[in-house]
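Values in this text are rule-based calculations from the coordinates and carry no lab data. Computed from a predicted model, the values in this text were never measured in an experiment. Counting neighbours? That spans all protein chains shown, and the Cβs are built from the backbone with ideal geometry, glycine included.
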Amino acid sequence: MDFTQLAQSIQGNVARVIIGKADVTEFLLVALLTEGHVLLEDVPGIGKTTLAKALARSLDFSFSRIQFTPDLLPSDVTGINYYSQKHQEFEFRPGPVLSQVLLADEINRATPRTQSSLLEAMQERQITVDGETYPLPRPFLVLATQNPIELEGTFPLPEAQVDRFLMQLGLGYPSQADEDEILLRYQRDDPLLELQSVTSAAEVLELQRRVKEIHVSADVRHYILQVVRATRDHEAVALGVSPRGSLALYKASQALAAVRGRDYVIPSDVQYLCHPVLTHRVHISPQIRLRGRTPAQVVTEITEAVPVPVAE
């Protein structure tokens with residue numbers, strides 16, 4: 001299976017459940033090929049959890065879901081060592097993080113201590129329990145959801161964890177035609193229950209290796225750096241994008257080019273990815289925020305101001 005076949009298979013499969021969100025599915029494919037993680041932030045009832053489940057079912061991966069709550073403990077995520085009466089010794093009982101797709105539902109409802117239990121897993125693809133390190137299965141993908149409206153009983157994600165998400169996405173309300181299609185499609189049965197996998201872990205691992213070979217010219221690479229560095233120099237920004245963000249935009253651009261059937265990156269790939277990859281990494285000053293400006297607006301200003309390289 002090549003990149004285009006993978007994209008068409010997964011997008012078609014997810015579209016049986018999620019109506020009219022082809023662009024969001026494409027972003028998830030980009031995250032999958034770069035082994036990045038995605039934060040889905042939107043109001044309740046939009047389909048965040050359903051989208052995550054649809055993607056997981058489309059992949060022949062092991063899947064776990066954690067419902068984050070204030071009383072959730074780090075050991076509920078990573079696992080524990082317990083004393084086995086049968087074997088008369090301590091044994092490790094793995095937690096749900098030891099899976100290939102982890103759905104962290106309503107992640108901002110857990111305490112910061114529990115949220116931080118995912119930091120090592122998301123960055124280093126391993127966990128440490130009582131001094132013992134356990135590698136995670138590959139590929140490994142975290143799909144986290146959170147509700148930006150309801151603040152009572154929630155804990156904002158630490159900046160270090162937000163930065164570990166390759167993208168932050170919102171689904172938005174469907175159009176009237178799409179919502180009408182949703183009513184008809186869910187009239188009798190839930191199509192999610194009948195969804196079958198369309199690819200295997202071995203195929204995805206091979207494509208993840210090959211996506212690194214997508215060509216990025218020096219001009220496009222410098223364009224990525226100029227956009228990122230502009231976030232650090234912008235007058236409205238208190239904290240700009242880190243080198244991890246530069247690398248995220250670079251890798252995501254390679255994956256998007258591959259999904260769209262090219263073996264090279266063009267500037268429009270970078271521009272298309274700036275908002276989902278950079279916005280959650282840009283922190284504007286409180287004074288600027290009080291004036292009504294948002295990080296998304298700042299990213300738009302930067303992408304419009306930085307000169308786009310043109311082929312000679």
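Can you tell me the dipole magnitude for the chain around its Cα centre, using point charges on the Cβ only (Lys, Arg +1; Asp, Glu -1), in Debye to the nearest 20?
Values: 29 positive and 39 negative charges, 74 e Å.
Here the chain has a charge dipole of around 360 debye.
Quote the FRET efficiency, to the nearest 0.05, computed for LEU247 versus THR69 with a Förster distance R0 of 51 Å and r equal to the Cβ-Cβ distance.
On the way: r = 33 Å, r/R0 = 0.65.
My answer for the efficiency is 0.95.
Charge tally for VAL129 (other residues, Cβ to Cβ under 13 Å; Lys, Arg +1; Asp, Glu -1): -4.
Name the shape class, rounded, prolate or oblate, that the alpha-carbon gyration tensor gives for the chain, where a ≥ b ≥ c are the square roots of its eigenvalues, rounded holds for a/c under 1.5, and otherwise prolate holds if a/b is larger than b/c and oblate otherwise. Taking the square roots of the gyration eigenvalues as a ≥ b ≥ c, the chain is rounded. For VAL241, nonlocal amide neighbours, meaning residues 5 or more places apart or on other chains whose placed amide H falls under 5 Å from its own, are THR231, ARG232. Placing +1 on each Lys and Arg Cβ and -1 on each Asp and Glu Cβ, with no other charges, gives segment 214-305 a dipole about its Cα centre of roughly 300 debye. Spin-label model, HIS87 to TYR134: label points 7 Å out along the Cα-to-beta-carbon direction sit 1.2 nm apart.
If each DSSP helix of 4+ residues adds -39,500 (n - 2.57) and the sum is divided by the residues in the chain, what number results at 222 nm, nearest 500 deg cm²/dmol?
Numbers: 14 runs with 137 residues, N = 312.
Value at 222 nm, helices only: -13000 deg cm²/dmol.
With the chain treated as a Gaussian network of Cα nodes joined by springs under 10 Å, which of LEU166, LEU207, LEU193 yields the largest mean-square fluctuation? Of the options given, LEU193 has the highest mean-square fluctuation. The label-point distance for LEU193 and LYS212, in a model that sets each label 7 Å from Cα toward Cβ, rounds to 4.3 nm. Projecting the Cα atoms of TYR83, THR34, ALA121 onto the charge dipole of segment 1-122 (Cβ charges, centred on the Cα centre) puts TYR83 farthest toward the positive pole.
The overall shape of segment 3-158 is oblate: from the C-alpha gyration tensor, with semi-axes ordered a ≥ b ≥ c, the ratio a/c is 1.5 or greater and a/b is no larger than b/c. Since only VAL142, ALA104, PHE92 are under comparison, the one whose Cα sits farthest along the positive direction of the charge dipole of segment 3-204, derived from C-beta charges on Lys, Arg, Asp and Glu, is PHE92.
Taking a sphere under 14 Å around the Cβ of ARG260 and counting the other residues whose Cβ falls inside, with K and R at +1 and D and E at -1, yields a net charge of -4.
Among PHE165, PHE92, what is the fewest-to-most ranking by other Cβ atoms within 10 Å?
Values: PHE165 25, PHE92 15.
So the residues, fewest neighbours to most, are PHE92, PHE165.
Legend: calculated FRET efficiency, ARG185 to ALA22, from the Cβ-Cβ distance at R0 = 22 Å, rounded to 0.05, equals 0.90.
In this simple spin-label model, placing a label point 7 Å from the Cα along the Cα-to-Cβ direction at both ARG221 and VAL308 gives a separation of 2.2 nm.
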